[in-house]
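Structure, as structure tokens:
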Amino acid sequence: MDVIRNIKSMSAAQFSGLQIFELIYLMTLAFLPFVVAIREVTYAIFAILAVVLFVAICKKCLKRTVHPEGKVVLITGCDSGLGNACARRLDSLGFTVVAACYNTESDGAQRLKEASYGHLHTVKLDITDDNSIKQCLLKVKSLCGQKGLWGIINNAGVASFGDVEISPLESYRQVMEVNLFGTLRMIQTFLPLVRLAKGRIITITGTNGRLSFPGQSAFSMSVHGLEALSDSLRYEMRQFGVKVITVRPGNFAGATGLLNRNGLEKVQTTFEEIKKKTNPEILRSYGKNYLDNQLKQLSELSKSTAGSLASVMDALEDAVERKRPKSVYMVDGGNQLFDLGNVLIRLGPLLPSSLLDYIVRKVYGYKPDR
């Protein structure tokens with residue numbers, strides 16, 4: 001009766017677990033005599049167990065982490081998105097975080113102050129302004145002292161959408177000035193402090209750093225440049241014990257703010273400006289409602305993006321605190337079965353260029369109304 005009463009009190013998950021355990025137990029009892037009797041099978045089982053144990057030990061050794069106390073990490077672009085989430089994550093782990101915001105009065109900056117565990121400092125920073133960078137440097141020096149700067153996470157950036165022929169040259173200059181040259185300014189300014197700490201420089205790029213999409217040439221140019229900058233710097237810094245790391249998030253545009261509601265409104269404003277400034281004859285050659293269709297497709301794309309930044313935060317946490325981090329972290333996103341952009345990056349070198357072009361045009365291209 002007690003046994004029946006106990007079974008009735010179990011949840012469905014507990015009951016299923018009990019049944020699975022009993023099945024495995026009975027199968028083990030049934031096959032164990034045959035396994036023991038056949039020497040080769042016994043050796044094979046022990047060999048497999050030894051390999052599994054060896055791999056587990058290697059992973060444990062490689063994942064040794066540093067103690068966060070007294071280690072200062074500077075993060076750019078903390079007003080929202082990845083930078084904001086990363087600042088909160090590292091603060092909760094005990095790192096001293098300098099969260100650089102374009103506007104320290106923004107909602108994101110205020111939330112950082114309210115949610116701080118006591119290790120977080122917000123500073124105003126415009127990575128395109130040398131004076132602003134110098135002020136940030138003074139703040140960082142006051143916090144890290146003679147220990148140096150453990151890490152800098154280059155996250156600040158802007159995006160731009162529009163085909164090459166109809167995008168003004170000024171938009172290219174702006175994107176390159178922020179994403180590429182702004183990041184370069186930060187690296188050159190803070191590198192002496194990072195070398196002193198034998199720390200790390202982490203740059204967030206994205207799928208566009210390895211794969212270009214139609215209508216995103218300005219953004220792709222800048223992020224390709226960041227990938228090249230990180231590769232060269234990694235070779236140069238090896239002699240100083242400085243780790244140079246690239247974190248490449250996949251389809252997270254909706255969660256980062258790039259293609260959320262506010263982001264899409266900015267794209268719409270940009271397209272309206274393009275319509276006003278572009279020769280009407282050129283616009284007609286692209287077809288009726290071409291830019292409107294682009295906007296609709298970007299809106300549809302935003303629905304397929306990952307809803308959480310947790311996996312990117314895990315990669316950034318690993319890059320900051322692991323003693324031997326990876327050189328590149330490719331993080332799959334999206335809410336589909338797989339992240340197509342990252343799949344194409346992995347398979348790109350194996351695919352004929354014509355096939356790769358066809359897939360990109362088919363999935364990411366814009367269909368004009370003729």
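Annotations for the structure displayed:
- Residue count for segment 213-242, restricted to those that are open to solvent by 10 Å² or more (accessible area, probe 1.4 Å) and either basic (Lys, Arg) or free of Cβ contacts under 8 Å to residues at least 40 places away in the same chain (or both): 9.
- Residue in segment 162-181 that is assigned to a helix (DSSP H, G or I), aromatic (Phe, Trp, Tyr) and open to solvent by 60 Å² or more (accessible area, probe 1.4 Å) present: yes
- Some residue of segment 151-159 being more than 30 Å from Arg361 (Cβ to Cβ), within 23 Å of the chain's Cα centre (by Cα) and of a type in the set (Val, Ile, Thr): yes
- Flag if Val175 is within 28 Å of Leu138 (Cβ to Cβ), at pLDDT 95 or above and within 20 Å of the chain's Cα centre (by Cα): no
- Beta carbons closer than 9 Å, at least 6 apart along the sequence or on distinct chains, pair a first residue in segment 265-283 that is open to solvent by less than 90 Å² (accessible area, probe 1.4 Å) with a second that is of a type in the set (Phe, Trp, Tyr) for Val267/Phe161; Thr270/Phe161; Phe271/Phe161; Leu283/Tyr290.
- Test: residue in segment 128-135 that is part of a helix (DSSP H, G or I) and among the acidic types (Asp, Glu): yes
- Unique match (being open to solvent by less than 10 Å² (accessible area, probe 1.4 Å), within 26 Å of Phe252 (Cα to Cα) and touching an Asp or Glu at 6+ places or on another chain (Cβ under 7 Å)) among Val73, Val97: Val97
- Those helices (runs of 4 or more DSSP H) of segment 290-353 in which 3 or more residues are surrounded by 21 or more Cβ atoms within 10 Å (Cβ to Cβ) occupy 290-302, 310-321.
- Residue ID - least open to solvent (accessible area, probe 1.4 Å), chosen from residues in segment 123-147 that are of a type in the set (Lys, Arg) and under 19 Å from Thr96 (Cα atoms): Lys139
- For segment 250-262, the set of residues classified as small (Gly, Ala, Ser) and under 17 Å from Ser220 (Cα atoms) consists of Gly250, Ala253, listed by residue number.
- Residues of segment 235-278 classified as at pLDDT below 90, closer than 28 Å to Trp150 by Cα and in a helix (DSSP H, G or I), total: 2
- Some residue of segment 102-110 being at pLDDT 95 or above, open to solvent by less than 20 Å² (accessible area, probe 1.4 Å) and either of a type in the set (A, V, I, L, M, F, W, C) or not in a helix (DSSP H, G or I) (or both): no
- Filtered by the rule that a residue be assigned to a helix (DSSP H, G or I) and either within 22 Å of Glu170 (Cα to Cα) or in contact with a strand residue (DSSP E or B) (Cβ under 8 Å, 6 or more places away or on another chain) (or both), segment 279-289 gives Pro280, Glu281, Ile282, Leu283, Tyr286.
- Within segment 356-370, the residues that satisfy the criterion of being modelled with pLDDT of 85 or more and either within 26 Å of the chain's Cα centre (by Cα) or over 22 Å from Ser304 (Cβ atoms) (or both) are Leu356, Asp357, Ile359, Val360, Arg361, Lys362, Val363, Tyr364.
- Qualifying residue in segment 321-342 (condition: under 24 Å from the mean Cα position of the chain (by Cα) and hydroxyl-bearing (Ser, Thr, Tyr)): yes
The values are calculated or read from the model by the stated rules, or taken from the named source; none is laboratory data. What you see is a predicted model, and the numbers here were worked out from it, not measured in a lab. Every residue, glycine as well, gets a Cβ built from its backbone with ideal geometry; the counts of neighbours run over all protein chains shown. The accessibility values were calculated without ligands, DNA or RNA, using every heavy atom of the protein model including side chains. Shrake-Rupley method; radii C 1.70, N 1.55, O 1.52, S 1.80 Å.
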